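Notes for the one structure printed next.
Where a number appears in this text, it was derived from the coordinates with a stated rule and is not lab data. Note that the coordinates shown come from a computational prediction; the quantities given were computed from them, not determined experimentally. Here the Cβ positions follow ideal geometry from the backbone for every residue, glycine too, while neighbour counts run over all protein chains shown.
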């Protein structure tokens with residue numbers, strides 16, 4: 001009787017161990033799925049795409065570009081139903097001083113809806129601060145040119161360093177710009193207002209394509 005109870009107890013413990021291992025694998029798989037499903041990807045043109053469970057992507061501008069703009073005064077967006085391609089100019093954003101930037105689409109796809117008045121504030125929300133909803137096509141090819149959230153951290157640091165060199169070369173006479181960058185700040189908020197047309201064009205070609 002004692003031997004039988006020992007065998008049953010051992011079998012129960014083995015069963016619990018198997019179940020717990022299976023459950024942990026299921027949880028890990030679910031979390032991995034959620035990470036992919038709700039993933040955030042950044043295009044080299046400083047626009048991002050965040051995917052919803054439906055497969056529709058929200059598209060907006062990243063923190064780096066938002067800081068350069070300072071504020072968004074106006075945005076011109078494509079009409080719903082238009083087919084757009086990755087790297088194609090799809091929207092024009094007006095920042096401080098009336099300076100305009102032409103921004104590209106991070107994805108191939110069809111524009112489902114637009115949001116010309118995204119949430120404002122010091123902290124950018126990658127859920128609500130978007131301009132476009134796009135139903136993507138050719139997603140695997142598009143994502144190959146984009147960076148996931150984890151990879152993007154190092155990329156942003158490299159972009160900041162590159163911007164510091166760019167702005168020092170083009171606008172080195174502005175001491176406040178150099179001081180802000182050297183002190184470890186992201187960049188002087190709204191610096192687009194101080195760019196002349198040649199600098200603005202060079203910035204667009206170097207950072208927004």
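Between residue 137 and residue 193, the modelled labels are 4.3 nm apart [label points 7 Å from Cα along Cα→Cβ]. Shown is the FRET efficiency for residue 74 and residue 171, computed with R0 = 25 Å from the Cβ-Cβ distance and rounded to the nearest 0.05: 0.55.
A straight chain from residue 201 to residue 145 at 0.36 nm per residue would run longer than the Cα-Cα distance by 17.9 nm.
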